[in-house]
Amino acid sequence: MKARTAATSHPRTTRTLVDLGPLAQLRAGRLVRRLVQLFVGLVLYGVSLAMMVRGDLGLAPWDVLHSGLIRHVPLTLGQAVVVMSFVVLVLWIPLREMPGVGTLANALVVGFSADATLAVLEVPGPFAARLALMVGGVLVCGVATALYIGAQLGRGPRDGLMTGLARRTGLSLRLVRTGLEVTVVLVGLALGGVLGLGTVLYALGIGPVAQALMPYFVVDVAGAAPPTAEQPAAS
């Protein structure tokens with residue numbers, strides 16, 4: 001009994017991320033806990049996006065694209081997130097990536113949560129308040145990432161595109177992620193998207209924050225499948 005208590009007090013040694021198919025995700029156990037954690041994480045992800053928007057000091061790479069897109073089509077920012085999520089899911093087809101519950105939830109919930117938060121969160125006047133929103137947005141996004149990935153219910157659309165391309169090309173996840181994010185930033189800028197200090201802070205900070213928190217939010221389903229070699233840091 002003492003040995004078990006000692007092990008569970010150190011999540012880094014007892015909890016692992018595993019790569020599960022759609023049915024295995026639902027059968028892996030602790031489903032209610034994992035679903036709650038998934039949706040809390042996705043809602044917080046949308047909140048973090050809205051915080052960075054209201055901070056107005058730069059957005060995450062994919063959101064640079066979303067903010068540019070809405071300058072040319074009659075969509076809210078959250079609606080653009082949803083639309084682009086399903087566009088990215090179409091790209092999964094030739095990559096043979098398999099969506100899960102979390103994949104579809106990600107495609108819908110993040111955008112709706114972002115729009116709901118933007119509706120109630122006003123633009124702060126002082127620079128210090130905007131800076132706090134930007135930094136807070138990155139931190140909240142790190143928590144949200146650890147929560148939704150730790151629920152082990154499937155990758156988000158953008159994560160799946162990254163892992164699928166890495167598997168098909170043989171390139172590392174880091175290289176594929178960098179290439180994708182540079183591409184979406186350039187396209188977003190061409191469309192008039194918002195790039196700034198927040199973009200740099202997000203790029204440098206989201207990985208370490210999510211990685212540090214991940215062991216505390218991963219729900220243990222280690223017996224369901226072999227551990228994954230590497231996991232994406234964000235959606």
Check: From MET52, MET84, which residue is open to solvent by 30 Å² or more (accessible area, probe 1.4 Å), touching a Phe, Trp or Tyr at 6+ places or on another chain (Cβ under 8 Å) and at pLDDT 95 or above?
Finding: MET84
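Quick one: would you say GLY102 is crowded, with 21+ Cβ neighbours inside 10 Å, modelled with pLDDT under 95 and in a helix (DSSP H, G or I)? Steps first, answer last, please.
Working: crowded, with 21+ Cβ neighbours inside 10 Å: yes; modelled with pLDDT under 95: yes; in a helix (DSSP H, G or I): yes.
Yes; evaluated as a whole, the condition is true for this residue.
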Check: Under the condition of being aliphatic (A, V, I, L, M) and open to solvent by less than 40 Å² (accessible area, probe 1.4 Å), which residue from the range 171-193 is farthest from HIS72 (Cα to Cα)?
Finding: LEU173
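Inspect all residues belonging to the range 158-173 and state whether any of them is part of a loop (DSSP other than H, G, I, E, B) and within 20 Å of VAL43 (Cα to Cα).
Filtering the range 158-173 down to residues part of a loop (DSSP other than H, G, I, E, B) leaves 170-172.
Narrowing further to those that are within 20 Å of VAL43 (Cα to Cα): none.
No, there is no match, as no residue in the range 158-173 is part of a loop (DSSP other than H, G, I, E, B) and within 20 Å of VAL43 (Cα to Cα).
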Margin query: Just to be sure I understand the filter: pairs with C-beta atoms under 6 Å, separated by 6 or more residues or on different chains, first member in the range 125-149 and under 21 Å from VAL18 (Cβ atoms) and touching a residue at least 12 places away in the same chain (Cβ under 8 Å), second member hydroxyl-bearing (Ser, Thr, Tyr) and surrounded by 18 or more Cβ atoms within 10 Å (Cβ to Cβ). Which pairs pass?
Written below: ALA144/TYR45; ALA144/SER48
Notebook entry, point to check: For the range 129-173, how many residues are at positive phi and touching a Gly at 6+ places or on another chain (Cβ under 6 Å)?
Noted result: 1
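Among residues belonging to the range 112-152 that are part of a loop (DSSP other than H, G, I, E, B) and touching a Lys or Arg at 6+ places or on another chain (Cβ under 6 Å), point out the one that is surrounded by the most Cβ atoms within 10 Å (Cβ to Cβ).
Applying the filter and picking the extreme gives ALA151.
The values are calculated or read from the model by the stated rules, or taken from the named source; none is laboratory data. Here the structure is a predicted model, which means the values were calculated and not measured. Quick reminder, even Gly has a Cβ in these numbers, built from the backbone with ideal geometry, and neighbours come from all protein chains shown. Remember, those area values only see protein heavy atoms, side chains included, never the ligands or the DNA or RNA. Shrake-Rupley method; radii C 1.70, N 1.55, O 1.52, S 1.80 Å.
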